[in-house]
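The values are calculated or read from the model by the stated rules, or taken from the named source; none is laboratory data. Note that the structure is predicted; figures quoted are calculated from it, not measured. Here the Cβ positions follow ideal geometry from the backbone for every residue, glycine too, while neighbour counts run over all protein chains shown.
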Amino acid sequence: MDLVKPTPFEALCNRITTRNLVRDLHIKTLKDILYAYSHMRCELNMEHLPVSLSDIRCLNQSVDPERIYRNKRIEKYTWLESGQREIYFKNLRAKFPNNGKDIPTDTELEEEWWDIVEQRLSPQKLAEYVQIHTWAYPPNIQELLDEALKEKEVAE
């Protein structure tokens, strides 16, 4: 229980922080799915098929964080370091050269994909990217994202 009421500025900062946390959670969850799926497609040679959230978790928990196969060489790689993940992702994408650009940057996701009214990533953008970036976006990306976010919401 707060004994002192927050100032209007503090209240504003709290509202902004809360909204940013929601956005950041959606973006992180999306990227976790994309990284795992791209590994399945590019390294395990899986066809462009729907996957389950348990498949995504299995890969994220099972991949040795110090050794990942990249371009048929084993290189040092830390799965959770985002800068290294971006490099890894770009190298995987090279196997599918006709699939356009890399995944959107955090800035693009925040500014172009984030629907501030709905407080979610644009389903239209996700559907568009599933069609042209089959190496990274599972056909059921929206369902995976919704399921993962619902689980995180229930856990809180």
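Which one is modelled with the lowest pLDDT among residues in the stretch 37-80 that are acidic (Asp, Glu) and not in a strand (DSSP E or B)? Checked the stretch 37-80; the qualifying residue modelled with the lowest pLDDT is 66. Within the stretch 112-152, the residues that satisfy the criterion of being farther than 21 Å from residue 44 by Cβ and part of a loop (DSSP other than H, G, I, E, B) are 116, 117, 118, 119, 122. Annotation note: of 12, 34, the sole residue that is of a type outside the set (D, E, K, R), outside any loop (DSSP other than H, G, I, E, B) and at pLDDT 90 or above is 12.
Return the residue satisfying two criteria in turn: it lies in the stretch 114-156 and is aromatic (Phe, Trp, Tyr) and modelled with pLDDT of 90 or more, and of such residues it is nearest to residue 49 (Cα to Cα). Break it down stepwise before answering.
Just the residues of the stretch 114-156 that are aromatic (Phe, Trp, Tyr), to begin with: 114, 129, 135, 137.
Still in the running and modelled with pLDDT of 90 or more: 114, 137.
Working: 114: 26, 137: 10 Å.
The residue in question is 137.
For residue 155, the stated conditions do not hold, so it cannot be described as under 13 Å from the mean Cα position of the chain (by Cα) and of a type in the set (Gly, Ala, Ser).
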